[in-house]
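Here the structure is laid out as structure tokens; the discussion comes afterwards.
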Amino acid sequence: MPTLDRTKAPKFNELDELTFIHPQTHFLSNGVKVNVLSGGSQEIVKIDFIFKAGTYHQTKPLVASATNNLLKEGTKNYTAFEIAEGIDQYGAYLQTGIDFDVASITLYTLNTHLKNVLVYFQEVVLHPAFDQNEFDIYINNALEKFKVSMEKVSYVARKESMQQIFGLENPYGTNASAIDFEKICKDDVVQFHHNFYQLSNCEIIVSGKVNSDCVDLLNHFFGDTNISSTKKEIIRQTQSTEQPSKIYIEKPNSLQSAIRIGKQFPNKLHTDYFGLQILNTILGGYFGSRLMKNIREEKGYTYGISSGIVSLQHGGFFYISTEVGADVTKDALKEIYKEIELLKTEKITSEELALVKNYLLGKLLKSCDGPFNMAELFENVHFYGLNYDFYNNYIQKIKSITPEELMKLANNYFLDLKETVVGQL
């Protein structure tokens with residue numbers, strides 16, 4: 001047996017491409033598309049009903065989130081308690097979720113209990129009651145949470161920054177205010193559900209150890225539902241209205257100031273998207289980033305600072321976010337802009353770039369661990385009209401990008417940044 005030389009690092013094998021679970025496409029009797037990603041060894045399955053029903057589609061603040069949150073608060077045949085008890089008795093888990101573009105209803109269950117659990121899941125998907133009492137309780141609780149959140153500098157900064165980046169007329173920049181909780185009514189929720197939670201506006205993604213009965217059971221519970229021949233589609237104005245480049249909201253008694261810097265950025269469909277993701281990682285996209293080293297480790301201004309690029313169906317945005325001591329707000333801003341300027345004027349070293357490349361490749365590899373993660377990868381590109389080639393193209397870009405390309409991207413995109421500060425300057 002050869003002796004292991006512990007003075008030498010093990011050989012590093014560079015990632016060339018990822019191996020994916022490719023979806024099998026099925027259709028229910030009524031035409032609803034089902035994407036099946038089968039893998040793993042555990043007898044558990046995840047079922048996602050994904051609707052184009054995100055906040056982008058609402059014409060009134062709060063309606064999309066209220067609809068999504070009230071789905072499991074009572075149905076035509078079951079109370080909220082009966083649904084929760086019915087799901088729990090089989091060790092299953094039901095959740096709803098919403099973001100800017102889509103809304104989802106998700107079920108986790110053991111294969112052996114799928115038929116029993118689908119009885120309750122069908123009710124939530126197809127027959128929510130939207131009881132007036134449940135609606136009133138939800139709105140009252142949501143308003144109280146909103147009031148608490150509005151006392152937090154980080155929440156206010158994030159809210160104001162989105163409006164500043166996209167403008168008031170853009171659905172991505174529209175924010176709720178306290179008065180909106182008084183304007184929303186149950187009929188708004190009922191109408192939004194009618195418009196956007198039809199199965200004609202839905203795709204199903206099934207992942208896990210999917211057996212042969214799963215699609216048949218889905219067809220049994222959902223395939224007989226009549227669906228309209230046309231999908232509800234709302235085209236909203238997405239152009240930005242002019243907003244101030246700097247917003248300062250004073251909170252005299254705040255111990256911290258929240259800083260949010262950003263602008264609109266390309267989404268996944270743009271040719272510069274990969275390069276910008278790499279550039280962002282260097283700036284503030286991981287724990288070893290330049291912003292973390294400077295603002296947290298060297299200056300001690302904050303516990304954490306990050307930057308990111310968010311891709312949306314109808315746009316995208318870049319942001320830098322942190323909370324710093326109120327007495328060092330100006331100094332923190334100065335250092336943030338210094339790091340941005342350095343990316344525009346000095347080429348990244350080969351050592352730092354190699355470190356970031358290895359980090360990104362490792363992160364991609366980890367994201368493929370298990371069928372549920374694989375389903376998320378599929379979803380993240382599928383609704384943009386893309387496929388798994390997106391990730392292998394990203395790998396090639398990570399491996400090939402140069403310091404010169406990164407400097408050019410920094411000069412092209414880190415311009416006209418908008419700044420929001422909530423707290424003290």
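What follows draws every value from the coordinates through simple rules; no lab data is involved. Since the model is a prediction, treat every value here as computed from it, not as a measurement. Quick reminder, even Gly has a Cβ in these numbers, built from the backbone with ideal geometry, and neighbours come from all protein chains shown.
Just a few scattered comments:
- Farthest toward the positive end of the dipole of segment 24-222, out of Leu28, Val148, Val119, is the Cα of Leu28, where the dipole comes from beta carbon charges about the Cα centre.
- Among Phe196, Ile139, Ile395 the positive-end extreme of the charge dipole of the chain (Cβ point charges): Ile395
- Residue of Lys186, Lys115, Lys145 that the Gaussian network model of the chain assigns the largest fluctuation, springs spanning Cα pairs under 10 Å: Lys145
- Segment 246-423 shape via C-alpha gyration tensor axes, a/c threshold 1.5: prolate
- Semi-axis lengths, Å, segment 323-385, gyration tensor of Cα atoms, sqrt of 5 times eigenvalues: 34, 19, 13
- Cross-link partners of Lys147 among aspartates and glutamates, defined as those whose alpha carbon lies under 13 angstrom from its own and excluding same-chain residues fewer than eight positions apart: Asp180.
- Shape descriptor for segment 24-222: Rg over Rh equals 1.00 (Cα atoms; Rh from the Kirkwood inverse mean 1/r).
- Viscosity 1.567 mPa s, 4 °C: Kirkwood-radius Stokes-Einstein D of segment 14-121 over Cα pairs, µm²/s: 81
- Span per principal axis, largest first, for the Cα atoms of the chain (Å): 70, 63, 38
- Taken over segment 1-140, lysine pairs spaced eight or more positions apart, or on distinct chains, with alpha carbons under 21 Å apart number 9.
- Charging the Cβ of each Asp and Glu at -1 and of each Lys and Arg at +1, and nothing else, the dipole of the chain about its Cα centre rounds to 880 debye.
- Between the residues Gly325, Met374, Gln89, the greatest Cα displacement towards the positive end of the dipole of the chain, with unit charges on the Cβ of Lys, Arg, Asp and Glu, is found for Gly325.
- Note on Lys334/Ser367: beta-carbon distance plugged into 1/(1 + (r/R0)^6) with R0 of 35 Å gives a FRET efficiency of 0.50.
- Segment Glu352..Ala178, full-extension length gain: 58.0 nm, with 0.36 nm per residue of separation and the alpha-carbon distance subtracted.
- Amide H to amide H distances under 5 Å link Ser38 with Gln24, where only residues 5 or more positions off or on other chains count and H is placed in the peptide plane.
- Full extension of the chain between Ser212 and Ser228 yields a length gain of 2.9 nm, computed as 0.36 nm times the residue separation minus the alpha carbon distance.
- Relative contact order [Cα under 8 Å, 6+ residues apart], the chain, whole percent: 22
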